[in-house]
Every structure is written in structure tokens, then in C-alpha cells.
Amino acid sequence: MKQANRGNLPALIFLFVLLLLWQLGAMEVNAAYILPTPIQILQRLWELRLPLFTVHLPATMLVTGVGLLISLALGLGLAVVMDWSPLLQKCLYPVVVASQTIPTTAIAPLFVLWFGYGIWSKVLVTVLITFFPITITVYDGLRAAKTEMAELLLTYGATKRDIFWKIKVPCALPYFFSAIKMAVPMSVIGAAIGEWLGAQSGLGYFSRRMMTQLDGAGVFAPIVLLSAAAMLAVAVVGLIERKAVKWRGES
Amino acid sequence: MSLLEFEHVSYQYPGEDFDIIDDLSFSVESGSFHCIIGVSGCGKSTIFRMTNGLLQPKSGTIRVGGKPIGEQKHYCGYMPQKDLLFPWRTIGENLALPLEIRGGLSKAERRERVDDALADVGLEGCRDKMPDELSGGMRQRAAFARTMLTGSDLLLLDEPFSALDFLTRISMQEWLLGQWEKHKKTILFITHDVEEAVFLSGSVLAVTSTPIHTLTEVPVPATYPRTRECLTHPDMVALREDLIDVLRKQVRT
């Protein structure tokens, strides 16, 4: 632990230097509508705190949350089904991969036509981006279960169900957490893309509106907020993981 | 009374053009301790994997306690070479696995049985430890306790001590004989270590050729309880040399 803490100071200094370079560079350019300084962004964030925190952050978090939940249900479902039946695996796997070759930003305007300006068009973008890493990672996790362990349980008279719950699920758990840690930032991006393309509220929408007003700091302010929210969510998942998975990496 | 009987059993691995087990018949008396010894890859483990039902014989019948194994469950406890303790379960939870799968016991009853089994193998106080906190010998004893909790009279131990260092291995051998005498189980023990086979067995079942047609039964001239001193007896030394000779002939051909 001490070692890790010692590593934090250089990391903070590095971050500070980066921000400093940005600050100096932006001051040199001196065109806040293209490249605002970090300080300008923070100032703007503070000025816009009321609409950002009361309207747009909750809107984006709602889309992210709903999208993430649907992605989890879909991803876990697909992973379990593909692990359970080799035939379904053969049918579904290519479809899952193909879904990722769709350029989401290009097709998302259609979602707005299909589902309107409400949250569902954005949720769909989020799901489309997020379910893939969950499916593939959890599927790999289920596959990682050792056949020797399954065989041992079979000699005890175990059913397929016993093996699923007693070996596959615990084996896939660390993979599941990795999947969520990937999925959280991606779902935030998905929600923001969705909002960019057509929405009445949300941080992505707000950022775009600021763009039309040539307010560089106003474009960045919601993005900074978005990153902070995603990092916070990943940190929370990491905490839960540390409680739930005590054995990562062994054997 | 014979507990385990093989009757004209054959087995062919998919993709091979011969039967690795070819018309094998043998039987094992209840309460006996046999080591099956043979060179690597000779098919010893295949015999175990058919007995515990993981592989289906191509032909022939395997009976345990007089009944074909297809008609029964929970008739044998199988312990593979690796301890296969689940790293996400505590030692106590690992031991409870056969009981959980068998069902019919409450959590408190399971806990009681697990505590008894742990005390029995000298691992009191390890119930809430994780497997990676235990040494190799302790892990094998935990795995043995888990095998005992299957409640079966027939125990199939597939090279359980081969990954242990020499000193741990010989003390585990002595310990295992103690357990066997105490619980009156029937033990079949696969090994390729001749000294281990001679020390443990009432009679050694030697695999003298591949494919396996017969198991050559070689009685061990020593009585139980045994100490390692019996290995220095001239008869035992001669037996050991004989067995080594038989096995080496196979490696050469």
C-alpha cells in the first residue's frame, strides 16, 4: 500500500504539469472559443452549475443508467446462452460482432426518427455501444472455468446447474467486473453521442448548444463533468469489486 | 467380498485406432489398499475415469458393491492429482461441496460434518482460511477430507502426492495409511513412484503392457501397520527392484 501511495505524488505532479502546459498553450493561442484554458473551463462550470447539475447531469445519468442496466441484462443473457449452447454460440457470436461494425454515430439519427427525442433513442445508442464488451468479456469468463473442476463436481453427482452456479459464476465474476469498468465510460460516451444527435436536455446536448454559441469553455464544461461522473462510477465499481472478489489472479 | 469389479471392460479414445483398455477384468476386495502402478500414459487414469463415470467404457461392465455403476450415484470419491480447491471458497466451503451437491443437509449439519472432517485430517481452525493460505501438504489433506465427505466407501486417489516435495510426500503417505486404517475405506491409488506403491499397498496392481489387458497383482510382503523401516527389509527391496525392472522394460520398448 505504501508503495502505491508513493506512486501517487509523481502522478499528481505529472497531471499538474499537463494542465499547466495546456493553460500556457491556451493563453498563448488566446482564442477561448477554440481552446479555452482549464481555469476558464472551471469558471464556466461554476457559472453554469445550476442548469448543469439540476437538468443536464441528471438527464445524462438517467440515459447512462438505463442503458447500462439494459446492456447488463442483454450482455449477461447473451453470454450465458452462448456458453450454454454451442449451437446458439455459433449463431449469435457473428451477429454480436457484426453489431459493433455499425458506425453508431452515422446510424444514430435514424434512432431519433424511430424513437423520437425522448430517452429511448439515446438509450439505444448506449446499449449498442455497451453490451458488446459485457457480452464478450463475461462469455470469456464463463469459458475460463476449468474443466477439471467441473469434472470433479460431476464425480460428486453434480448437475449442469450445479456446475454453472458453483464454478462458472464465481469464475466469471472478476471478468464481469472488468466488463462493467469498461462499460461505464462507454455508456457515458454512448449517452453523450445520442444527445449530440438530437435531444432536449443532457450534457451532450448542452455541449453542442454551447458550440453553436462559440463558447469554447461552455463546450468543455459539461465534458469535464461527464468525465468526472464516469471516473466516480468506475471508482465505485472498483470498491464493490474489492468486496466481492477476493481471489483474482490465483491459479 | 469384492467392492469393485471390472468385467471385460474396453475403452478407446476418440481419434485412436486401438483400445487403450482392452478386455480388462479385475476386482478389488472391500477394505483393501491397492496401488496401480505403471509408466506415464499407460492408461492408469483411464481406469479411474471410467470407474467414476467421467468416461463411458466401449464395452464391458463395471460394478461397485455388486451393482453396475450406471445405476448408482455417490459410490466413489475421486481425488485428482491437483487438489482443485476452489480459490474463491474458504477451506470449509470447499469441503462442503460434496455435501451441497448431494443435498439433504441443513447448513448447520453441513458445518458440523465439515468441522469433524477438518479435525480428522488435522486442519482444525483452517475452516475460514482461503486455499492459498495453506501449504501444499495441508491443501492435499483438505482435498482428501473433501473426498472423504463424499461418504463413499471406495476412494480413487490419482497421484495425489506427486506434486509434493519428498519429505512432505513421505509424511503424507504415513498419514494416509493412518486414515485408511481408521476409516476402513477401500482405496485405489495411482502412482508411478515404485517406493510409494510398495509402502502403501497390500498388493500392487502393476500395468505391464499398453494397451492394458490385465493388471498383474503383486502381493507386498509386509503387514499393517507399517513404518518406513519395512522398506529396508530384503523382501521389500527385492520387490521394489522387480517392479522397477518390469516398468523399465516397458519404457524401452
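We did not get these values from a lab; they are worked out from the coordinates using the rules stated. All values reported here derive from a predicted model rather than from experimental measurement. Positions of Cβ are generated from backbone atoms using ideal geometry, with glycine treated the same way; all protein chains shown enter the neighbour counts.
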Using the Cα gyration tensor of region B:82-151, the equivalent ellipsoid's semi-axes, largest first and to the nearest Å, work out to 18, 12, 11
So, R0 is 60 Å and r is the distance between the beta-carbons of B:E229 and A:C91; what FRET efficiency does that work out to, to 0.05?
0.35
If one compares the long axis through the Cα atoms of helix A:216-244 with the longest principal axis of the Cα atoms of chain A, the angle in degrees, nearest 10, works out at 30 degrees
Checked against the positive end of the charge dipole of chain A (+1 on Cβ of Lys and Arg, -1 on Cβ of Asp and Glu, about the Cα centre), the farthest of A:L48, A:S178, A:P133 is A:S178
Computed label-point distance, nm, for sites B:R248 and A:A144 using a 7 Å Cα→Cβ extension
4.7 nm
What full-extension length gain, to one decimal in nm, is calculated for B:K73 and B:D132 as 0.36 nm per residue of separation minus the Cα-Cα distance?
18.1 nm
With +1 on each Lys and Arg Cβ and -1 on each Asp and Glu Cβ, how big is the dipole of the protein assembly as shown about its Cα centre, in debye rounded to the nearest 20?
1980 debye
Cut-off 20 Å, label 7 Å out along Cα→Cβ of B:S30, residues of region B:52-88 by amide N:
B:52, B:62-78
Counting other Cβ atoms within 10 Å of each Cβ, which trypsin sites (Lys or Arg not before Pro) in region B:176-232 have at most 12 and sit in a DSSP loop?
B:K184
If contacts are Cα pairs under 8 angstrom and at least 6 residues apart, what is the relative contact order of chain B in percent?
26 percent
May I ask you to sort B:C76, B:C230 by Cβ crowding, counting other Cβ atoms within 10 Å and putting the fewest first?
B:C230, B:C76
Ranking A:V245, B:T227, A:P36 by how far each Cα lies towards the positive end of the charge dipole of the protein assembly as shown (+1 on Lys and Arg Cβ, -1 on Asp and Glu Cβ), the top one is A:P36
Please list, by residue number, everything in region A:64-84 whose backbone N is under 15 Å from a paramagnetic label point 7 Å out along Cα→Cβ of A:S99.
A:67-83
Does chain B come out rounded, prolate or oblate by the C-alpha gyration tensor, with a ≥ b ≥ c the root eigenvalues, rounded set by a/c under 1.5 and, if not, prolate when a/b is larger than b/c and oblate if not?
oblate
What size of dipole, in debye to the nearest 20, comes out for region A:32-244 about its Cα centre when the only charges are +1 on Lys and Arg C-beta atoms and -1 on Asp and Glu C-beta atoms?
180 debye
Between B:A119 and B:K58, Cβ-based FRET efficiency (R0 30 Å, step 0.05) works out to 0.10
Links exceeding 29 Å between C-alpha atoms in this model, out of A:K160/B:K67; A:K90/A:K160; B:K182/B:K249, come to B:K182/B:K249
What is the dipole size for region B:82-151, taken about its Cα centre, with +1 at each Lys and Arg Cβ and -1 at each Asp and Glu Cβ, in debye to the nearest 20?
200 debye
By counting other Cβ atoms within 10 Å of each Cβ, how are A:K168, A:K181 ranked from fewest to most?
A:K181, A:K168
For a test of the definition: using alpha carbon positions, the gyration tensor, and the 1.5 limit on a/c, classify chain A as rounded, prolate or oblate.
oblate
Can you pull out the GluC sites (Glu not before Pro) in region B:1-110 whose DSSP state is coil and whose Cβ has at most 13 other Cβ atoms within 10 Å?
B:E16
Extreme residue, positive dipole direction of the protein assembly as shown, given options A:A98, A:L153, B:A117 (C-beta unit charges):
A:A98
